[in-house]
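The values are calculated or read from the model by the stated rules, or taken from the named source; none is laboratory data. The model shown is predicted, which means the values in this text are computed figures rather than measured ones. We place every Cβ from the backbone using ideal geometry, glycine too, and count neighbours over all the protein chains shown. Please note that ligands, DNA and RNA were not included when accessible areas were found on the heavy atoms of the full protein model with its side chains. Shrake-Rupley method; radii C 1.70, N 1.55, O 1.52, S 1.80 Å.
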There are 2 protein chains.
Amino acid sequence: MSSAAVNVRPEIAGLTAYVPGLSIEEIRERYGLESVIKMASNENPLGTSPLVQEALARHAALAFRYPQGGNPRLVQAIAAHHKVAAERIAVGNGSDEIIDLLIRIRAVPGKHNMVCFDPCFSIYPIQSRICGVEVRRVPVEPDFSLNLTKLAALADENTVLVFVTTPDNPSGYSVPMQALQALAAALPPAALLVVDEAYADFADDEQASSLLAAGIDMPNVVILRTFSKSFGLAGLRLGYAVMPQALGNYYWRARLPFSVNILAEEAGLAALADSVYRAETLRVVREGRAALTAGFEALGCHVYPSQANFIMLAPPKGAMDAAGTFEALLRRGIIIRPLKSYGLPHLLRVSMGTAAENAALLKACKEIWA
Amino acid sequence: MSSAAVNVRPEIAGLTAYVPGLSIEEIRERYGLESVIKMASNENPLGTSPLVQEALARHAALAFRYPQGGNPRLVQAIAAHHKVAAERIAVGNGSDEIIDLLIRIRAVPGKHNMVCFDPCFSIYPIQSRICGVEVRRVPVEPDFSLNLTKLAALADENTVLVFVTTPDNPSGYSVPMQALQALAAALPPAALLVVDEAYADFADDEQASSLLAAGIDMPNVVILRTFSKSFGLAGLRLGYAVMPQALGNYYWRARLPFSVNILAEEAGLAALADSVYRAETLRVVREGRAALTAGFEALGCHVYPSQANFIMLAPPKGAMDAAGTFEALLRRGIIIRPLKSYGLPHLLRVSMGTAAENAALLKACKEIWA
């Protein structure tokens with residue numbers, strides 16, 4: 001083997017290989033199932049919006065054209081949706097691309113550092129490591145609340161990014177807004193606070209728990225949002241950020257010009273217009289969250305309070321453990337998320353399904369744990 | 001303005017802002033036109049494949065699901081198409097993402113360098129600069145042929161990537177395969193040769209001009225291909241590479257897990273299956289290239305020999321210059337590509353259209369240059 005092929009940067013050599021999850025089809029075949037319920041990836045329980053499906057079919061003939069650089073129509077629509085200036089909106093091939101670019105734009109490898117919780121959304125530390133940027137982490141509290149004072153204490157004059165997810169993944173914990181504002185005010189001058197609000201609109205009171213929804217604007221804060229959850233476009237890869245205008249300017253210079261595909265743009269516009277689907281999504285998720293929380297507690301589980309479209313829980317003491325429960329559910333055609341990859345092998349994460357899917361899950365768990 | 005928002009890496013501060021081109025709709029409105037012909041972006045003259053459009057409509061309901069990590073079905077189909085091992089196939093959100101990742105995987109900022117021609121596809125040097133990697137360039141020859149001996153002379157023990165596009169953009173020049181093989185053999189041990197064959201299947205004899213089509217395998221060579229041109233999927237963002245297996249392993253570790261969207265995967269599978277559309281595309285492009293080359297030469301232009309789905313030309317001596325010709329065509333509803341951004345303000349690039357579009361362009365140019 002030529003060294004040209006295998007010589008890689010040390011940051012890359014240290015990465016572990018990504019292991020793709022089983023698809024619904026593979027699980028159906030493996031266990032001989034007729035139907036499979038997937039409550040593992042925080043996808044929308046209602047499927048794809050009918051208006052989005054119509055837009056995709058209507059614009060399928062455009063697939064041969066390059067997208068328009070800078071996604072101007074989509075940027076305008078997102079800006080109008082949140083009532084902020086279009087110059088502050090950045091869109092990306094999923095929030096993943098935006099996170100990666102924020103690191104690449106701001107962090108000088110070997111000099112700067114980033115700060116985040118442990119566990120947290122894995123893309124923050126992975127992309128930082130790929131970029132050769134030091135990762136500083138503080139554990140979440142035993143009850144999975146986030147102590148922002150401890151987080152701030154990790155930041156120094158070389159900290160350029162601080163990541164906080166609220167509601168947090170995988171716990172669903174919602175950080176009080178006042179604590180976020182205090183964190184932003186307390187950070188060293190070079191540190192930019194990235195508040196990942198991927199799940200913020202599922203909160204019982206979005207205005208009371210989201211900086212963006214509350215219209216609270218701070219000069220060193222970037223808000224991340226996504227079309228993957230309540231807008232139901234996970235497969236099309238569309239994330240966005242509201243950021244200081246000066247940073248937005250650099251974002252667009254650094255982003256690959258066509259990273260957001262042409263159908264994501266059309267689907268995003270249709271999803272923003274489909275207020276009926278979105279309102280129904282929020283209703284189903286909020287009601288499902290209350291029902292599943294009560295149902296699992298009635299079965300003896302410890303359920304962590306969640307404001308997201310998922311809940312985290314521990315199986316009842318003395319019953320089958322998390323790994324066993326996950327496997328037993330798989331055999332019954334229900335996919336949930338084991339949290340071993342988050343370093344939490346004793347816990348499970350369940351994405352909200354429809355009322356019928358939630359009921360089927362509770363019934364299956366009751367049998368498994370009996 | 002807080003310094004948190006505006007402090008960026010010096011590599012980012014030096015980037016020029018991307019200026020989006022005018023859309024067809026904007027040009028229609030600006031000049032009061034009923035229809036606009038776009039021959040500017042090397043898109044497929046036949047539009048989107050009917051089988052692809054059908055697949056997009058059929059799978060629109062899947063938009064709410066995350067894509068499957070690693071794109072296994074698409075990887076298998078591409079491997080079968082080219083008769084290579086699936087472990088050697090990498091897919092990305094356009095070839096742009098693959099180019100960026102090759103640099104990030106292999107080049108240590110401040111230590112390694114990359115080598116390419118001037119002019120060349122702008123993403124090679126831009127992404128290298130974003131990564132903080134030294135860019136070494138040698139001018140193309142006056143006739144736009146590529147002197148690979150001069151290119152090899154720029155490489156040293158710190159060269160990790162060498163980029164060659166064949167057929168080249170914007171000239172259409174096709175590099176002899178023997179010269180590419182000699183280049184790969186002559187490079188220092190750490191240098192990986194990336195042969196961008198985005199346009200290779202448009203050659204009159206693909207087998208005679210493409211390393212991939214000829215089945216010539218070298219341990220330090222990566223071949224780039226794309227679904228944007230002959231497969232007609234520019235808007236969906238789908239590029240792929242055939243690379244040494246050891247490098248492919250690192251590629252998948254470093255790639256964002258869901259960067260290729262779920263409809264791109266379905267469309268790619270349908271495009272691979274639609275051999276009728278693809279054969280017709282190749283016929284229309286090859287015949288159009290011969291017709292436009294002859295037509296422009298008959299009008300007194302210098303036309304550079306092309307094996308791609310575009311031709312580069314200089315307007316006739318004494319006639320309206322390239323910039324004026326571009327503007328005059330715009331007013332008539334025909335968009336072609338001025339090459340000022342390539343440092344070639346005296347030249348124009350024309351993407352192949354349908355026979356009717358090609359004829360309309362020749363007629364318009366004849367009038368403009370009269």
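Working carefully through the options B:PRO72, B:PRO20, B:PRO67, find the one that is surrounded by 23 or more Cβ atoms within 10 Å (Cβ to Cβ) and modelled with pLDDT under 95. Spell out the reasoning first.
Numbers: B:PRO72 fails: surrounded by 23 or more Cβ atoms within 10 Å (Cβ to Cβ); B:PRO20 fails: surrounded by 23 or more Cβ atoms within 10 Å (Cβ to Cβ).
From the options B:PRO72, B:PRO20, B:PRO67, the qualifying one is B:PRO67.
Within the stretch B:321-331, identify whether any single residue is open to solvent by less than 20 Å² (accessible area, probe 1.4 Å), over 30 Å from B:ALA63 (Cβ atoms) and among the hydroxyl-bearing types (Ser, Thr, Tyr), and answer yes or no.
Yes, some residue in the stretch B:321-331 is open to solvent by less than 20 Å² (accessible area, probe 1.4 Å), over 30 Å from B:ALA63 (Cβ atoms) and among the hydroxyl-bearing types (Ser, Thr, Tyr).
Please find, within the stretch B:203-241, the residue that is farthest from A:VAL8 (Cα to Cα) out of those that are under 12 Å from the mean Cα position of the chain (by Cα) and hydrophobic (A, V, I, L, M, F, W, C).
So the residue we want is B:ALA234.
Only residues that are open to solvent by 10 Å² or more (accessible area, probe 1.4 Å) and either free of Cβ contacts under 8 Å to residues at least 40 places away in the same chain or assigned to a loop (DSSP other than H, G, I, E, B) (or both): list them for the stretch B:224-236, please.
The one that is open to solvent by 10 Å² or more (accessible area, probe 1.4 Å) and either free of Cβ contacts under 8 Å to residues at least 40 places away in the same chain or assigned to a loop (DSSP other than H, G, I, E, B) (or both): B:LYS229.
Does at least one position in the stretch B:29-38 carry a residue that is in the same structural domain as B:TYR342 (by TED's automatic domain parsing) and either among the basic types (Lys, Arg) or under 26 Å from B:ALA213 (Cβ atoms) (or both)?
Yes, there is a match, as at least one residue in the stretch B:29-38 is in the same structural domain as B:TYR342 (by TED's automatic domain parsing) and either among the basic types (Lys, Arg) or under 26 Å from B:ALA213 (Cβ atoms) (or both).
Taking only the stretch A:92-125 into account, find how many residues are in contact with a helix residue (DSSP H, G or I) (Cβ under 6 Å, 6 or more places away or on another chain) and either surrounded by fewer than 18 Cβ atoms within 10 Å (Cβ to Cβ) or part of a strand (DSSP E or B) (or both).
Result for the stretch A:92-125: 4.
Out of all the residues in the stretch B:82-99, which are touching a residue at least 40 places away in the same chain (Cβ under 8 Å) and over 20 Å from the mean Cα position of the chain (by Cα)? It would help to see each step written out before you state the result.
Initially, the stretch B:82-99 is screened for residues touching a residue at least 40 places away in the same chain (Cβ under 8 Å), giving B:82-85, B:87-99.
Those that are touching a residue at least 40 places away in the same chain (Cβ under 8 Å) and over 20 Å from the mean Cα position of the chain (by Cα): B:LYS83, B:VAL84, B:ALA85, B:GLU87, B:ARG88.
Could you go through the stretch A:114-128 and let me know if any residue there is under 27 Å from A:GLU265 (Cα atoms), among the hydroxyl-bearing types (Ser, Thr, Tyr) and either under 21 Å from the mean Cα position of the chain (by Cα) or within 13 Å of chain B (Cβ to nearest Cβ) (or both).
Checked the stretch A:114-128: at least one residue is under 27 Å from A:GLU265 (Cα atoms), among the hydroxyl-bearing types (Ser, Thr, Tyr) and either under 21 Å from the mean Cα position of the chain (by Cα) or within 13 Å of chain B (Cβ to nearest Cβ) (or both).
B:ALA5 - would you say it is farther than 30 Å from B:GLU357 by Cβ, surrounded by 13 or more Cβ atoms within 10 Å (Cβ to Cβ) and either at pLDDT 95 or above or within 7 Å of another protein chain (Cβ to nearest Cβ) (or both)?
yes
Is one or more of the residues making up the stretch A:31-43 open to solvent by less than 20 Å² (accessible area, probe 1.4 Å) and either touching a His at 6+ places or on another chain (Cβ under 7 Å) or closer than 30 Å to B:GLN245 by Cβ (or both)?
So far as the stretch A:31-43 goes, no, none of its residues is open to solvent by less than 20 Å² (accessible area, probe 1.4 Å) and either touching a His at 6+ places or on another chain (Cβ under 7 Å) or closer than 30 Å to B:GLN245 by Cβ (or both).
Is it the case, given these coordinates, that B:ALA152 is out of contact with any Gly (no Cβ under 9 Å at 6 or more places or on another chain), of a type in the set (A, V, I, L, M, F, W, C), surrounded by fewer than 24 Cβ atoms within 10 Å (Cβ to Cβ) and within 26 Å of B:GLN207 (Cβ to Cβ)?
yes
Within the stretch B:246-264, is there a residue that is in a loop (DSSP other than H, G, I, E, B), within 24 Å of B:ALA185 (Cα to Cα) and modelled with pLDDT of 95 or more?
no
Looking only at residues that are part of a helix (DSSP H, G or I) and within 9 Å of another protein chain (Cβ to nearest Cβ) in the stretch A:19-57, which one is nearest to A:LEU263 (Cα to Cα)?
A:LEU56
Looking at the stretch B:75-87 only, could you name the residues that are open to solvent by 40 Å² or more (accessible area, probe 1.4 Å) and touching a helix residue (DSSP H, G or I) at 6+ places or on another chain (Cβ under 7 Å)?
B:GLN76, B:HIS81, B:ALA85, B:GLU87
Against the condition more than 14 Å from chain A (Cβ to nearest Cβ), over 28 Å from B:ARG237 (Cβ atoms) and in contact with a helix residue (DSSP H, G or I) (Cβ under 6 Å, 6 or more places away or on another chain), how does B:ALA186 come out, does it pass?
So B:ALA186 fails the test.
When you check A:GLY215 against the structure, is it open to solvent by 10 Å² or more (accessible area, probe 1.4 Å) and on the phi > 0 side of the Ramachandran plot, yes or no?
Yes; evaluated as a whole, the condition is true for this residue.
When you go through A:GLN207, A:GLN127, A:GLN178 one by one, which is the residue that is of a type in the set (S, T, N, Q) and in contact (Cβ under 8 Å) with a residue 24 or more places away in the chain?
Being of a type in the set (S, T, N, Q) and in contact (Cβ under 8 Å) with a residue 24 or more places away in the chain holds for just one of A:GLN207, A:GLN127, A:GLN178, which is A:GLN127.
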